[in-house]
Amino acid sequence: MAGSSAEQLLSRIAAGDGHGEISSYFDGWKAYDMNPFDLRHNRDGVIQMGLAENQLSLDLIEQWSVDHPEASICTAQGAPQFRRIANFQDYHGLPEFREAMAKFMGQVRGGKVTFDPDRVVMCGGATGAQDTLAFCLADPGDAYLVPTPYYPAFDRDCCWRSGVKLLPIECHSSNNFTLTREALVSAYDGARRQGVRVRGILITNPSNPLGTTMDRGTLAMLAAFATERRVHLICDEIYAGSVFAKPGFVSIAEVIERGDAPGCNRDLVHIAYSLSKDFGLPGFRVGIVYSYNDDVVACARKMSSFGLVSSQTQHFLAMMLADAEFMARFLAESARRLAARHDRFVAGLREVGIACLPGNAGLFSWMDLRGMLREKTHDAELELWRVIVHRVKLNVSPGTSFHCNEPGWFRVCYANMDDDTMEVALDRIRRFVRQHQHSKAKAERWAATRPLRLSLPRRGATTASHLAISSPLALLSPQSPMVHAS
């Protein structure tokens, strides 16, 4: 169907490009889908390093499900619960699921805070949770302030259907992209000057894409600022159980409960959570809204009828999450495996002089390739990214897609593959970097031994100028990412 015809038949939102798929973040996925790497059948394919998925500990969940067949209503042991579960329709969710989820949310936060199961609202994944919160908290044209860099799909999750705008709080590598009050105030005042109503501050803690955790003082500052300006504070804590090194994770719930932000208005604080990342279960589509605001809980629960989690999934997870001993073992082992994978990946990059932002959480690293850009621009970053995707055949995600204001940073996911595939990926990166380093060194040697010579005509002469170019970089296109700007 032609675009013009589609626009006549579809709604303005459906016919528009607000979904956010026009992004290098999603383009990399498409390159992978067209030629996916397979260790045995397609070793020349694109390796998926753009998907933040935890496959390192799925074997533990698989084994638990084998050991507990009663958790499934499709087994002989679980069949006695079939009618009750299959006919359940209350969009509040199974009471045992909400109870188990509340206890687990406390467990994954070190038992430092308790959660009320009556405030647990189910959604279709974290995407559904953010969409629901945007519907409840803001009107079309209102804005959230978001520290940069931030998860690209927030442009879809928070904006597509609700009409909310995302305005950046600019953070910088000079302080490891730490959010400051000064940057927050600047973004807020800038929005006000433009006549935009700020309705909320959206953060991810632990951060995607940085792989870092937010400290208690920053969280308290955010809670105090939200109270002062009467704006909501939305905390996406989807990686809360994926912290593998110190400093430990501090939840906004802990800050609220401990009184670290005196006078904080709890009605303005909301948490989004999911089992997609910590457990590697994105296919289960389990998202959670947890709000301290009674009206938000009531509205979100009504909204949940648009994205319910199947009762069979709730039943299975209620039994697994309630197994506190297993959950403790799982969280400890998952953290150990994530730490080992992170350390191996970062060490492999370090062999060729590539650094990453120091991280302690998440399923990825924030890789610094600023030294490989031909110039310090976003266009140069995208040129380098295209080479990495199409020639090196690694789907990494450029910082531009995360709204990073400093060109040259890339998010690289390492938990969605086995050890052998990661070693292949590391070999590809190292080989590419060494080629770049060799090319650069060769150019510098030529420049040192045979510098550029410019012969100018004598005064009054009519002969043309002659430029003798002896650098091998002259053989490269000026657009080549291999041309390095000094």
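The values are calculated or read from the model by the stated rules, or taken from the named source; none is laboratory data. Keep in mind the model is a prediction, meaning the values are calculated, not measured. Neighbour counts run over all protein chains shown; Cβ positions are idealised from the backbone, glycine included. Only protein heavy atoms, including side chains, enter the accessible area calculation; ligands, DNA and RNA are left aside. Shrake-Rupley method; radii C 1.70, N 1.55, O 1.52, S 1.80 Å.
Overview of results
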quantity: Pick from the range 172-224, criterion of a type in the set (S, T, N, Q) and in contact with a Lys or Arg (Cβ under 9 Å, 6 or more places away or on another chain), ranking: farthest from residue 341 (Cα to Cα); calculated: 218
quantity: Any hit, the range 14-35, residues being more than 30 Å from residue 158 (Cβ to Cβ), surrounded by 12 or more Cβ atoms within 10 Å (Cβ to Cβ) and at pLDDT 90 or above; calculated: yes
quantity: Residue identified as surrounded by fewer than 22 Cβ atoms within 10 Å (Cβ to Cβ), in a strand (DSSP E or B) and either modelled with pLDDT of 95 or more or outside the structural domain of residue 50 (by the TED database) (or both) among 199, 192; calculated: 199
quantity: Options 328, 335, 340; residue that is open to solvent by 30 Å² or more (accessible area, probe 1.4 Å), touching a residue at least 40 places away in the same chain (Cβ under 8 Å) and either assigned by the TED database to the domain that holds residue 82 or not in a strand (DSSP E or B) (or both); calculated: 328
quantity: Close pairs from the range 11-29: first over 18 Å from residue 51 (Cα atoms), partner at pLDDT below 75 and assigned to a helix (DSSP H, G or I), Cβ under 7 Å, at least 6 apart; calculated: 15/6; 15/7
quantity: The range 160-177 - residue that is assigned to a loop (DSSP other than H, G, I, E, B) and hydrophobic (A, V, I, L, M, F, W, C) and, of those, farthest from residue 14 (Cα to Cα); calculated: 177
quantity: In the range 166-187, residue surrounded by the most Cβ atoms within 10 Å (Cβ to Cβ) [restricted to those that are under 20 Å from the mean Cα position of the chain (by Cα) and closer than 16 Å to residue 233 by Cβ]; calculated: 179
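This table checks each residue for (1) under 25 Å from residue 148 (Cα atoms); (2) touching a His at 6+ places or on another chain (Cβ under 6 Å); (3) aliphatic (A, V, I, L, M).
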site	(1), (2), (3)
331	no, no, yes
335	no, no, yes
342	yes, no, no
347	no, no, yes
350	no, no, no
360	yes, no, no
369	yes, no, yes
382	yes, no, yes
